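Working notes for the structure below.
Derivation of every value follows stated rules applied to the coordinates shown; laboratory data play no part. Computed from a predicted structure; not experimentally measured. Backbone-built Cβ (ideal geometry, glycine too); neighbour counts: all protein chains shown.
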Amino acid sequence: MTIYDFSNKISNGGMDELFLQMYRQTDMEKLRQRARYLNAAENFSKLYPQREEIHVFSVPANTEICGNHMNYQCGCVFTAAVTLDILAIVAYHDESVIRISCEGVKAIEIDISDLSDIAKSDSKISAVICGIVSDFIEKGMEICGFDAYITSDITAESGLSTSAALEILICNIINNMCESKLSVTEVAKIGWQDKENSSENSCDFIKRLTCASCGILSFDMNNSAEPKIHKFDFDFSKSGYSLCVVNVKENCSDYRNECNEIIEDMKSAAKIMGVDHISDADEEKFYDNLPEIREKCNDRVILSAAHFFDEKQRTVMIQEALEYGRLTEFFSLVNQSAESWAMLANNINSLGNPVKQALMVALTVSKRYLRGAGAVRVCSGSFTGAIQAFVPNYMVNGYIRELDRIFGSGSTQVMGIRNENMIELFN
């Protein structure tokens, strides 16, 4: 498709039906996406005026719903792709150069005929792209150059994964040019499957596959090298709910370092119980031997193990609840997971400054407003400074007003679950 035909199609409403599938199903969102895509096309034309034939790619952000850090101990994780996404306008060419321009980031130019210097680059994005290209080449794929303009709706403050979406976007662009294409799961494993300890790096794979597959996914990481994956066909919007993310606008860098300390605590608990992973431990024996275990470790380690045991059961129950459409039970389990995360994993309150309680305030206000409806929890980890809530559609406008009143205008973003897996929007 030419850039002219693409812009003309958007202006004439030719993408409206697609927008309604990919994003929130409202007239306002449809018009917003029209403007966003037209702006992206215009920026691409300004940057690469010699390129006429284009390809359009969109990759969603992802979020965890239950099972935080369970993957590190061969447990289960429950994730979903959301309607916030990264959008790219791309033109392939015969030059051995990749040129990428992103909003707010210095333009990137990579010579794919010589990746040695790029791999050592100070630019994190360049190094990531270099690694992706190298993996494709190692698999025997023929790579050509391309020019791309990228724009994103995903902010770092949202608590949603930006890096995984960007990585899958680059993978999709490259995979699309190859005659023999990798599967969605193979794409998600780029840069992951060859790691010595796949359980340590499984978080990357989970985020990437969620972005690549879309929808709601469960991961059973009992065999972390080949996890069991189940995709759920469920539409929260049709059931009357929206997903809201609230940025509390607080620097949470002094909160407990979940990515290191919680993982290390779980490792310590497993070692004390004489197993490689807590998932292999007997819960009853753990509690029976608690006096002796406390002599060997601190109470924080014990609480992390207790959180794992509880969450392991919840992830199984939450999958069954969603499978059979039992929303009341589903939301109750999400709330229980959130409470366990706060009480047992101790990852809500600031350790460096105990009087900082923005996340807890946001959770408290949300629960008070929802009055038992839906569910509310911290986004992925407390350091993001964001919470997420499943809010009944009839309460969304009031919820936004209430949370924005407390945390500032624009603090609350409304989104949904993106179920459509569209590698390329036009082909």
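Any idea which of His55, Ser332, Ile174 is furthest toward the positive side of the dipole for the chain, if Lys and Arg beta-carbons carry +1 and Asp and Glu beta-carbons -1?
With unit charges placed on the Cβ atoms, the residue in question is Ser332.
How big, in percent, is the set of alpha carbon pairs in the chain lying more than 38 Å apart? Show your work: numbers first, answer last.
On the way: 21858 of 90951 pairs.
Counting every Cα pair in the chain, those more than 38 Å apart make up 24 percent.
Exposed loop sites here are trypsin sites (Lys or Arg not before Pro) in DSSP loop states with at most 10 other C-beta atoms within 10 Å. What is the longest stretch of the chain lacking them?
Working: sites that count: Lys120, Lys238, Arg371.
Counting at most 10 other Cβ atoms within 10 Å as exposed, the longest clean stretch of the chain is 239-370.
With Cβ to Cβ distances under 11 Å as the rule, what net charge do the other residues near Ala88 carry (K, R +1; D, E -1)?
Values: positive: none; negative: Asp85, Asp147, Glu424.
With Lys, Arg at +1 and Asp, Glu at -1, the neighbours total -3.
Is the shape of segment 45-132 rounded, prolate or oblate, going by the alpha carbon gyration tensor and its root eigenvalues a ≥ b ≥ c, with a/c under 1.5 for rounded and a/b larger than b/c for prolate?
In terms of gyration-tensor shape, oblate.
Who wins for biggest fluctuation among Ala81, Ala225, Ala164 in a Gaussian network model of the chain, springs between alpha carbons below 10 Å?
Ala225
Please list, or write none, the lysines whose alpha carbon is within less than 25 Å of the alpha carbon of Lys9, excluding same-chain residues fewer than 8 places away.
By straight Cα distance, Lys9 reaches Lys30, Lys46.
What's the longest bit of the chain with no exposed chymotrypsin sites (Phe, Trp or Tyr not before Pro), using DSSP loop states and at most 15 other Cβ atoms within 10 Å as the test? Before the final figure, lay out the partial values.
Numbers: sites that count: Tyr324, Phe426.
Longest run free of exposed loop sites: 1-323.
Given a Förster distance of 35 Å, report the FRET efficiency between Val361 and Lys181 from their Cβ-Cβ distance, rounded to the nearest 0.05.
Details: r = 48 Å, r/R0 = 1.36.
Plugging the Cβ-Cβ distance into 1/(1 + (r/R0)^6) gives 0.15.
Considering the chain as a Gaussian network with a 10 Å cut-off on Cα pairs, which listed residue, Ile108, Ile278, Ile302, attains the greatest mean-square fluctuation?
Ranking Ile108, Ile278, Ile302 by mean-square fluctuation puts Ile108 first.
Between Tyr324 and Asp404, how many nm apart are label points set 7 Å from Cα along the C-beta direction?
4.0 nm
What percent does the relative contact order of the chain come to when contacts are Cα pairs within less than 8 Å and at least six residues apart? Please list the in-between numbers first.
On the way: 773 pairs, mean separation 92.4, N = 427.
Rounded, it is 22 percent for the chain.
How about segment 13-56: which GluC sites (Glu not before Pro) there lie in a loop by DSSP and see at most 13 other Cβ atoms within 10 Å?
Working: sites: Glu17, Glu29, Glu42, Glu52, Glu53; in loops: Glu52.
Hits after loop and neighbour filter: Glu52.
Within the chain, which complete DSSP H helices have Cα atoms spanning at least 20 Å along the helix axis and a mean Kyte-Doolittle hydropathy of 0.0 or higher? Before the final figure, lay out the partial values.
Values: long enough: 27-47 (30 Å, -1.09); 124-138 (21 Å, 1.37); 162-177 (23 Å, 1.13); 299-323 (36 Å, -0.17); 327-343 (24 Å, 0.29).
The answer, listed by residue number, is 124-138, 162-177, 327-343.
Over the residues of segment 5-160, compute the C-alpha Rg and express it relative to 2.2 N^0.38 Å. If you can, show how the numbers build up before the last one.
Numbers: Rg = 18.0 Å, N = 156, 2.2 N^0.38 = 15.0 Å.
Against the compact-globule rule of thumb, the ratio is 1.20.
Using the Cα gyration tensor of segment 1-68, with a ≥ b ≥ c the square roots of its eigenvalues, what is the shape: rounded (a/c below 1.5), prolate (a/b larger than b/c) or oblate (neither)? List each step's numbers first, then the result.
Details: a/c = 2.72, a/b = 1.59, b/c = 1.71.
Since a/c reaches 1.5 but b/c is at least a/b, the shape of segment 1-68 is classed as oblate.
Please give the FRET efficiency for Lys271 paired with Ser116, using the beta carbon to beta carbon distance and R0 = 45 Å, rounded to the nearest 0.05.
Details: r = 40 Å, r/R0 = 0.89.
For Lys271 and Ser116, the calculated efficiency is 0.65.
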